[in-house]
Amino acid sequence: AVVDKVVVLLKATGDAPILKQNKFKITASERFEKVVGFLSKQLGKEQIFVYLNSAFTPSYDETVANLYRWHGTEGKLVVNYALQQAW
């Protein structure tokens, strides 16, 4: 099934602050770098580390649709974020 929007759930890792808005919808055709940019702005940090499945950092060029198709769980794409390398 083709999805137009993907629900992204942001989970703090390590000493990263928990966001008030930790869940949002993004157009599926957007690149992952847009998620990283949003997160960076919310945290007020230029350098952040992001992971999918608490394990690896996807290519920032990849579309959210593909990442969701490959790694989405329970209708969401879960993105862990940290201020330092976590894994």
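The values are calculated or read from the model by the stated rules, or taken from the named source; none is laboratory data. Note that the structure is predicted; figures quoted are calculated from it, not measured. All Cβ positions, even for glycine, are placed from backbone atoms using ideal geometry, and neighbour counts span all protein chains on display. The area values use the complete protein model at the heavy-atom level, side chains included, leaving out ligands, DNA and RNA. Shrake-Rupley method; radii C 1.70, N 1.55, O 1.52, S 1.80 Å.
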field: Contacts under 9 angstrom Cβ, first residue in region 74-85 being more than 16 Å from residue 42 (Cα to Cα), partner part of a strand (DSSP E or B) and of a type in the set (Lys, Arg), 6 or more apart
entry: 76/23; 78/11
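Any idea which residue in region 55-71 is farthest from residue 38 (Cα to Cα), counting only those that are open to solvent by 30 Å² or more (accessible area, probe 1.4 Å) and assigned to a loop (DSSP other than H, G, I, E, B)? Break it down stepwise before answering.
So the first thing to find is which residues in region 55-71 are open to solvent by 30 Å² or more (accessible area, probe 1.4 Å), and the list is 55-57, 59-63, 66, 68-71.
Applying the additional criterion that residues be assigned to a loop (DSSP other than H, G, I, E, B) yields 55, 57, 59-62.
Working: 55: 21, 57: 16, 59: 16, 60: 13, 61: 15, 62: 16 Å.
Here the residue is 55.
Please determine, by comparing only the residues of region 72-82 that are farther than 17 Å from residue 27 by Cα, of a type outside the set (Phe, Trp, Tyr) and at pLDDT 95 or above, which one is surrounded by the most Cβ atoms within 10 Å (Cβ to Cβ). Even if it seems obvious, please write down each step before you answer.
Initially, region 72-82 is screened for residues farther than 17 Å from residue 27 by Cα, giving 73-74, 80-82.
If we keep only those that are of a type outside the set (Phe, Trp, Tyr) too, we end up with 73-74, 80, 82.
Now drop any that are not at pLDDT 95 or above, which leaves 80, 82.
On the way: 80: 21, 82: 17.
Ranking the qualifying residues of region 72-82, first place goes to 80.
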task: Please find, within region 25-47, the residue that is nearest to residue 74 (Cα to Cα) out of those that are assigned to a strand (DSSP E or B) and open to solvent by 30 Å² or more (accessible area, probe 1.4 Å).
output: 25
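Restricting region 4-24 to residues that are in contact (Cβ under 8 Å) with a residue 60 or more places away in the chain and open to solvent by 50 Å² or more (accessible area, probe 1.4 Å), which is nearest to residue 71 (Cα to Cα)? Spell out how you get there, then give the answer.
Kept after step one, since they are in contact (Cβ under 8 Å) with a residue 60 or more places away in the chain, are these residues of region 4-24: 6-16.
If we keep only those that are open to solvent by 50 Å² or more (accessible area, probe 1.4 Å) as well, we get 11, 14-15.
Numbers: 11: 15, 14: 22, 15: 25 Å.
Across region 4-24, the extreme among qualifying residues is 11.
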